[in-house]
Structure formats: C-alpha cells, structure tokens
Amino acid sequence: MAVTITIRARLKGDQAAMQKIHDQVTGATQEMAKQAGDISHEVFLNPMDERDFLGIDVWQSAEQAQAFAADARIQEFFGQLFEGPPEVTAWVDSGWNRW
C-alpha cells in the first residue's frame, strides 16, 4: 500500500544555500530513490518563515521509505540540511472524497 511521508524540519541556513544542498543531493539520488520505491518528492517552505521546511514523498510502501531513510548517506544529508532531526510522519490514503 502506498504511503505518504511528511518531513517537517527547520533548515540550518538561508533558503538559497539550503536549496543548493537539497537540489545537489536529490539530483544525485533521484534514480536511487525511485528504484527504492519513491514515487514522488515535493518540497514546500512556509511563506512566513523560509527556514520552515515541509517535504512530502509518496512511497510504494512504508518499509521502503524506512529503509531508504535509514541509509547513512540520507542521514548525512538531513544533517547538512536541518538544524536537528526532522519530524517524519507516515500517512495513508483515507479513501474519503477529495478535490
């Protein structure tokens, strides 16, 4: 069953510097992530505080997402990007009406 993973965190630095790190790493790991089961990756910043980060990824399964996130390289990436450990939450489709 597909699972949506949200990642909430505070960026270590200004938006431009953090975007550079994010885009370099995700550009280099995109195919690895897709092969591991990542269906999509989206990033949002709070317009009131550009260091307030929200990442949303859809994975084929929670197990695949957990295995990928446990990789030492991904943990190192989070350490470069975020002030502290991110808040990671898994969500499943409710089946409720949406638009």
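Here, each number is a calculation from the coordinates, and none is a lab measurement. Note that the structure is predicted; figures quoted are calculated from it, not measured. FYI the Cβ positions are ideal-geometry reconstructions off the backbone, even for glycines, and counts take in every protein chain you see.
The table that follows gives values for the structure above.
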| quantity | calculated |
| --- | --- |
| Residue check, residue 26 under 23 Å from residue 65 (Cβ atoms), of a type outside the set (A, V, I, L, M) and touching a residue at least 60 places away in the same chain (Cβ under 8 Å) | no |
| Selection count, the range 4-60, where residues are aromatic (Phe, Trp, Tyr) and in contact with a Ser or Thr (Cβ under 9 Å, 6 or more places away or on another chain) | 1 |
| Hits in the range 1-19 (condition: surrounded by fewer than 12 Cβ atoms within 10 Å (Cβ to Cβ) and not hydrophobic (A, V, I, L, M, F, W, C)) | 14 |
| Restricting the range 40-66 to residues that are surrounded by 14 or more Cβ atoms within 10 Å (Cβ to Cβ) and without any contact (Cβ under 8 Å) to a residue 40 or more places away in the chain, the residue that is farthest from residue 90 (Cα to Cα) | 50 |
| Pick from the range 1-36, criterion more than 18 Å from residue 79 (Cβ to Cβ) and polar (S, T, N, Q), ranking: nearest to the chain's Cα centre (by Cα) | 6 |
| Residue satisfying all of: in the range 80-98; among the aliphatic types (A, V, I, L, M) and under 12 Å from the mean Cα position of the chain (by Cα); surrounded by the most Cβ atoms within 10 Å (Cβ to Cβ) among these | 81 |
| Residue 23 vs. criteria charged (D, E, K, R) and farther than 13 Å from residue 7 by Cβ | yes |
| Residues within the range 13-40 that are of a type in the set (Val, Ile, Thr) and under 16 Å from residue 54 (Cα atoms), tallied | 2 |
